[in-house]
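Everything on this sheet refers to the single structure shown next.
Derivation of every value follows stated rules applied to the coordinates shown; laboratory data play no part. Only a predicted model underlies this, so the values are computations on that prediction, with no experimental measurement involved. When we count neighbours, we look across all protein chains shown, and the Cβ atoms used for this are built from the backbone with ideal geometry, even at glycine.
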């Protein structure tokens, strides 16, 4: 079993790739995380700050690039 690392997605990114990376890590559709972030944002600013912190902390996944 391969060890997974949580990273921002370059291929499934709308803003910063956070939701795409979470979707890849948990093997679920990234749109679920996008909806969760919007719901958290509507309930307060927790979703916004969590997204910003993940954007700063998580590295970008460069394994899918063909450069």
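Placing a pseudo-label 7 Å from each Cα along the Cα-to-Cβ vector at residue 55 and residue 5 gives an inter-label distance of 2.3 nm.
The orientation-averaged shadow of the Cα convex hull for the chain, equal to a quarter of the hull surface, comes to 5.0 nm². Overall form of the range 18-57: oblate. Here a/c, set by the Cα gyration tensor axes a ≥ b ≥ c, is 1.5 or more, and a/b is not larger than b/c.
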